[in-house]
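Chemist: Just passing along the structure, written as structure tokens.
The values are calculated or read from the model by the stated rules, or taken from the named source; none is laboratory data. Keep in mind the model is a prediction, meaning the values are calculated, not measured. With ideal geometry, Cβ positions are generated from the backbone for all residues, glycine too; neighbour counts draw on all protein chains shown. Surface accessibility is based on the protein's heavy atoms, side chains included, excluding ligands, DNA and RNA. Shrake-Rupley method; radii C 1.70, N 1.55, O 1.52, S 1.80 Å.
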Amino acid sequence: MTASGSDPRSSAGAGERRRAGGVCVEHAIEVLRPPPGLAHLRHDRAGELVLDPTPLTLDGDRIASFEADSGAAVRIDAAGCALLPGLVDCHTHLPFAGWRAEEYEQKVTGVPYEQIARGGGGIASSARALAQATDAQVLDQARALVAEMLAGGTTAYESKTGYGLSVPGEERAVRLGRELGADRVTGLFAHAVPQGYDADGWMDQVDALAASCDVDALDIYVESVAFTNEHLTRLGAIAARERVPLRAHVEQFNANRSVPVALAAGARSVDHLACLHPDDVAPLAAAQCAAVLLPGAEFLGAERVAPARDLADAGAICVLATDLNPGTSPVSSLPAIIGLAVRRYGWSVREALLACTLNAAWVLGLSGELGSLEVGKRADVVLLDTPVAHLPYRFGRNPVCLVIRAGEVAWVRPDAAWRIAA
Ligand SMILES: [Zn+2]
């Protein structure tokens, strides 16, 4: 975890900052907890998450106990609230520059993608915007989005490269992800084939970037317009050599049968899966590989709906994320993603919450530290001003009223300020 003074999550506004050193959260009506000591929990066991109320005491940046501490320096009244661990967004494309709102209107009114791309849209447009923006402009936009995510309960997130589309551009994207303070920086060097290269030639550059850049994982976009299953196998070998996890964007628009290839390459996660082949559900569900589902991209792109009910029933390690990016999913809110997942996947609230807490932390290799309310883990706690059932049900409303990150009140909604007593 990078501790950065410029991290927008590291401090609250004036007058709202609260040091830990004994924080007691009391009177919650629900407290979400998995069975203790698990690195992840397969989705056929999501019903084992309990919501029994209990007080919670934090000591410094750690969860200290599930007992009330009468001597705590800070007391937080969670009357009527549900307590969750900080949400983990394990698939975002932060940092990026600008937006593509005009493209969205073209898309929904029926302009074909080829025409949008010929007009300079798509990934190339975001690559141009990134190249033209200064570091400060890129980081300012990304920090504003991280603050938005925090207000939706997200206390840890991943960043990806991929809009650099050149060797120096991708090196810069890695550096900006670090400067942003992302909990994990993934090298999505194989995102699109840059001008002047064919896919094989660019993979040689990807190999060199993987060797020279400080990244926590490698990722690839496998699709007819980007890279193939053979490139996925090659990236798997590169990831093994570099001893970092392999992740892969697969089966978004077409069934390319990339999942067996990713599993053979030892992938930590396969992401998207809207077009997952039915025969690949059982092998994926049996593997030590997460199914990262992105219902924001599915919804806004009018994509197919991933077979998430089948994956959960089969016992996959299911995960939800925003896929926050300026093209296919300009969505920063995990509460919105949870609402989409519950309705469109036929998931219970527990299934949706498991998917953006413990299992999402596992994808990032952080589940020993984050992703559940357990003694010794980092004190990342989210207060909802409703029971958890309201989260998907009152779709579009953000019920997050207070967020503690590493033992500090990092965000509080003005109408919830009364809950804090020091
Ligand atoms: Zn993505």
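Chemist: Looking at 31, 108, can you tell me which residue is β-branched (Val, Ile, Thr), surrounded by fewer than 17 Cβ atoms within 10 Å (Cβ to Cβ) and within 27 Å of the chain's Cα centre (by Cα)? Talk me through it step by step, then tell me what you get.
Modeler: Numbers: 31 fails: surrounded by fewer than 17 Cβ atoms within 10 Å (Cβ to Cβ).
Going through 31, 108 in turn, just one is β-branched (Val, Ile, Thr), surrounded by fewer than 17 Cβ atoms within 10 Å (Cβ to Cβ) and within 27 Å of the chain's Cα centre (by Cα): 108.
Residue by residue, here is whether (1) in contact with a His (Cβ under 8 Å, 6 or more places away or on another chain); (2) touching a residue at least 40 places away in the same chain (Cβ under 8 Å) holds:
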site: 190; (1), (2): yes, yes
site: 215; (1), (2): no, yes
site: 228; (1), (2): no, no
site: 243; (1), (2): no, no
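Chemist: Name every residue in segment 247-259 that is away from the ligand (no atom under 15 Å from the Cβ) and not charged (D, E, K, R), in order of residue number.
Modeler: Going residue by residue through segment 247-259, those that are away from the ligand (no atom under 15 Å from the Cβ) are 254-257, 259.
Those that are away from the ligand (no atom under 15 Å from the Cβ) and not charged (D, E, K, R): 254, 255, 256, 259.
Chemist: Determine which member of the set 274, 297, 302, 306 is part of a loop (DSSP other than H, G, I, E, B), within 13 Å of the ligand (Cβ to nearest atom) and of a type in the set (A, V, I, L, M, F, W, C). So that I can check it myself, show each step before the final result.
Modeler: Values: 297 fails: part of a loop (DSSP other than H, G, I, E, B); 302 fails: within 13 Å of the ligand (Cβ to nearest atom); 306 fails: within 13 Å of the ligand (Cβ to nearest atom).
Step by step, each of 274, 297, 302, 306 is checked, and only 274 is part of a loop (DSSP other than H, G, I, E, B), within 13 Å of the ligand (Cβ to nearest atom) and of a type in the set (A, V, I, L, M, F, W, C).
Chemist: Continuing with this model, one more query. Would you call residue 262 within 16 Å of the ligand (Cβ to nearest atom), modelled with pLDDT of 95 or more and either open to solvent by 20 Å² or more (accessible area, probe 1.4 Å) or outside any helix (DSSP H, G or I) (or both)? Walk me through it before giving the result.
Modeler: Details: within 16 Å of the ligand (Cβ to nearest atom): yes; modelled with pLDDT of 95 or more: yes; either open to solvent by 20 Å² or more (accessible area, probe 1.4 Å) or outside any helix (DSSP H, G or I) (or both): no.
Answer is no for this residue.
Chemist: Any idea which residue in segment 184-203 is nearest to the ligand (Cβ to nearest atom), counting only those that are touching a strand residue (DSSP E or B) at 6+ places or on another chain (Cβ under 9 Å) and open to solvent by less than 10 Å² (accessible area, probe 1.4 Å)? Full working, then the answer.
Modeler: Here is the first cut: in segment 184-203, the residues touching a strand residue (DSSP E or B) at 6+ places or on another chain (Cβ under 9 Å) are 184-193, 199, 202-203.
Restricting the remaining residues to those that are open to solvent by less than 10 Å² (accessible area, probe 1.4 Å) gives 185-190, 202-203.
Numbers: 185: 14, 186: 10, 187: 13, 188: 8, 189: 14, 190: 12, 202: 18, 203: 19 Å.
My answer is 188.
Chemist: Return yes when residue 114 is part of a loop (DSSP other than H, G, I, E, B) and among the charged types (D, E, K, R) and no when it is not. Even if it seems obvious, please write down each step before you answer.
Modeler: Numbers: part of a loop (DSSP other than H, G, I, E, B): no; among the charged types (D, E, K, R): yes.
Spelling it out, it is not the case that residue 114 is part of a loop (DSSP other than H, G, I, E, B) and among the charged types (D, E, K, R).
Chemist: Having 1 or more residues that are farther than 30 Å from residue 282 by Cα is the bar; report the strands (runs of 3 or more DSSP E) wholly within segment 27-105 that clear it. Show your work before the answer.
Modeler: Working: elements: 56-59, 62-65, 74-77, 82-85, 87-89.
The strands (runs of 3 or more DSSP E) meeting that bar are 56-59, 62-65, 74-77, 82-85.
Chemist: Filter segment 277-294 down to residues that are within 12 Å of the ligand (Cβ to nearest atom) and either open to solvent by 10 Å² or more (accessible area, probe 1.4 Å) or part of a helix (DSSP H, G or I) (or both), then give me how many there are.
Modeler: Initial filter on segment 277-294 (within 12 Å of the ligand (Cβ to nearest atom)): 292-294.
Add one more test, that the residue is either open to solvent by 10 Å² or more (accessible area, probe 1.4 Å) or part of a helix (DSSP H, G or I) (or both), and what stays is none.
Count: 0.
Chemist: Additional query: Of the residues that make up segment 155-163, is at least one open to solvent by less than 50 Å² (accessible area, probe 1.4 Å) and among the basic types (Lys, Arg)? Don't jump to the end; show me each part of the working.
Modeler: Taking segment 155-163 and keeping what is open to solvent by less than 50 Å² (accessible area, probe 1.4 Å), we get 155-163.
Filter once more, keeping what is among the basic types (Lys, Arg): 160.
Scanning segment 155-163 turns up at least one residue that is open to solvent by less than 50 Å² (accessible area, probe 1.4 Å) and among the basic types (Lys, Arg).
Chemist: Would you mind telling me which numbered condition in (1) of a type outside the set (Gly, Ala, Ser); (2) at pLDDT 95 or above; (3) within 16 Å of the ligand (Cβ to nearest atom); (4) open to solvent by 20 Å² or more (accessible area, probe 1.4 Å) residue 328 fails?
Modeler: That leaves (2) as the condition not met.
Chemist: Please go through segment 204-228 and give me each residue that is charged (D, E, K, R), open to solvent by less than 50 Å² (accessible area, probe 1.4 Å), over 15 Å from residue 267 (Cβ atoms) and more than 14 Å from the ligand (Cβ to nearest atom), ordered by number. It would help to see each step written out before you state the result.
Modeler: Our first condition is that a residue be charged (D, E, K, R); within segment 204-228, this holds for 204, 207, 214, 216, 219, 223.
Then drop every residue that is not open to solvent by less than 50 Å² (accessible area, probe 1.4 Å), which leaves 207, 216, 219, 223.
Cutting the leftovers down to over 15 Å from residue 267 (Cβ atoms) gives us 207, 223.
Passing the criteria: only 207.
Chemist: What pairs come out if I take residues in segment 321-349 that are on the phi > 0 side of the Ramachandran plot and pair them with residues that are open to solvent by less than 10 Å² (accessible area, probe 1.4 Å) and more than 13 Å from the ligand (Cβ to nearest atom) whose C-beta lies under 8 Å away, six or more apart or interchain?
Modeler: 346/308
Chemist: Select, from 48, 102, the only residue that is over 25 Å from the mean Cα position of the chain (by Cα), open to solvent by 50 Å² or more (accessible area, probe 1.4 Å) and away from the ligand (no atom under 16 Å from the Cβ).
Modeler: Values: 48 fails: over 25 Å from the mean Cα position of the chain (by Cα).
The conditions single out 102.
Chemist: Just to check your reading of the model, which residue among 78, 72 is buried (at least 24 other Cβ atoms within 10 Å of the Cβ) and under 20 Å from residue 422 (Cα atoms)?
Modeler: Residue meeting the stated conditions: 78.
Chemist: Return yes or no: is residue 179 surrounded by fewer than 22 Cβ atoms within 10 Å (Cβ to Cβ), of a type in the set (Asp, Glu) and assigned to a helix (DSSP H, G or I)? So that I can check it myself, show each step before the final result.
Modeler: Values: surrounded by fewer than 22 Cβ atoms within 10 Å (Cβ to Cβ): yes; of a type in the set (Asp, Glu): yes; assigned to a helix (DSSP H, G or I): yes.
In short, yes.
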